[in-house]
1. Given the residues T209, T126, which is the only one that is β-branched (V, I, T), touching a residue at least 24 places away in the same chain (Cβ under 8 Å) and in a helix (DSSP H, G or I)?
2. Quick one: what pairs do we get from the stretch 35-64, first residue more than 11 Å from W110 (Cβ to Cβ) and among the small types (G, A, S), second modelled with pLDDT of 75 or more and not in a helix (DSSP H, G or I), C-beta under 6 Å, 6+ apart or different chains?
3. From L78, L104, which residue is without any contact (Cβ under 8 Å) to a residue 60 or more places away in the chain, in a helix (DSSP H, G or I) and within 22 Å of the chain's Cα centre (by Cα)?
4. Need pairs with beta-carbon distance below 6 Å; first residue more than 14 Å from V193 (Cβ to Cβ) and within the stretch 137-163, second among the hydroxyl-bearing types (S, T, Y); sequence gap 6+ or separate chains.
5. If you take the residues of the stretch 129-171 that are of a type in the set (D, E, K, R) and at pLDDT below 85, which of them is nearest to the chain's Cα centre (by Cα)?
6. Looking at the stretch 254-268, can you tell me whether even one residue there is of a type in the set (F, W, Y), surrounded by 12 or more Cβ atoms within 10 Å (Cβ to Cβ) and at pLDDT 80 or above?
7. Go over the candidates I54, I48, I88 one by one and state the one that is among the β-branched types (V, I, T), under 30 Å from L260 (Cα atoms) and outside the structural domain of I181 (by TED's automatic domain parsing).
8. Given the condition part of a helix (DSSP H, G or I), surrounded by 14 or more Cβ atoms within 10 Å (Cβ to Cβ) and at positive phi, answer yes or no: does some residue in the stretch 111-122 qualify?
Amino acid sequence: MSGLLSNTYFLIPVFGFCIFIFSYLTSDKILNFLYKRSLGSRKEVIEIMEKMLITSDKNKITLAMLLLSFGIGFIVFLLFWPNLWAGIIFGSGVTILGWSLPKLVMNFLWERRCNQVVDQMVDGLTIMGNGIRSGLGVAQTLDRVVDNMGGPLAEEFKLILNKMQLGMSLEDALSEFDERIDRQDVQMLVTSVNILKETGGNLGETFETIVATIRDRQKIEKKIEAMTAQGIMQGIIMTCIPFALLAVFALIDPGYIAPLFNTIMGWVALFMVVTLQAIGGYMIKKIITIKV
């Protein structure tokens with residue numbers, strides 16, 4: 001049995017047959033996965049840039065993503081030449097990662113922008129509440145926020161005012177603002193304004209209540225961040241240790257880890273290590289992520 005496991009001519013057909021069966025049984029999921037990581041990813045990147053009010057050229061974005069994925073993947077393939085199988089495996093992995101990276105970066109930037117909008121709502125709603133008490137309308141208080149504040153909140157309120165100037169009602173403009181910024185505090189603001197405009201009520205007191213709610217939520221979130229900071233660092237360290245040890249062994253004795261890159265069993269071991277590390281990092285992230 002050990003002789004068969006060490007026989008390359010036996011392992012390659014068995015490994016290929018397993019891949020064929022797996023691909024045949026999951027072909028639809030694989031095709032959907034490839035679409036989301038290619039054209040679907042490009043579409044999402046463009047949509048996020050439009051939501052962030054960034055003018056973008058679709059052709060340039062496509063070219064940049066192709067260079068970042070297939071370009072770097074081809075370079076990795078050449079680095080492993082003449083080891084064809086290792087070049088294909090690692091080149092394909094880098095290609096998929098390179099195509100997914102822009103989407104991950106844009107999602108991170110978009111989430112940060114949404115959080116900044118919520119953080120600025122404390123000052124913005126305070127300005128709006130003071131304006132309401134002085135007799136101004138909602139649209140006029142939005143204009144005051146745009147004049148007195150900067151950042152993403154002022155950009156979002158300016159977009160609302162621009163839509164109103166083009167003929168859109170305040171309710172519809174605020175509803176689109178709620179759809180763009182998927183946060184409970186924004187939804188609370190939009191819902192309260194739309195309801196009170198129809199039924200009547202004290203918007204100034206409502207804004208004070210929303211501000212107090214946002215502040216309480218921020219206090220809880222900061223407390224949770226402080227309590228989970230150790231878990232986050234532990235997750236980062238546990239995820240990076242195997243790759244750091246691999247780099248150390250590569251510098252000290254490259255021949256010691258050469259079988260990992262020169263044999264079928266080594267490639268399988270590397271694939272299992274990367275997969276298990278990714279699963280472990282994802283599970284740690286899910287455990288320490290607490291939504292308020």
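The values are calculated or read from the model by the stated rules, or taken from the named source; none is laboratory data. Everything numeric in this text was worked out from a predicted model, so none of it was measured. Here the Cβ is made from the backbone with ideal geometry for all residues, glycine too, and neighbour counts use every protein chain on show.
1. T126
2. Going by the 6 Å Cβ cut-off, there are no qualifying pairs.
3. Criteria check complete, one pass: L104.
4. none
5. Only one residue fits best here, namely E171.
6. no
7. Among I54, I48, I88, only I88 is among the β-branched types (V, I, T), under 30 Å from L260 (Cα atoms) and outside the structural domain of I181 (by TED's automatic domain parsing).
8. No: the stretch 111-122 contains no residue that is part of a helix (DSSP H, G or I), surrounded by 14 or more Cβ atoms within 10 Å (Cβ to Cβ) and at positive phi.
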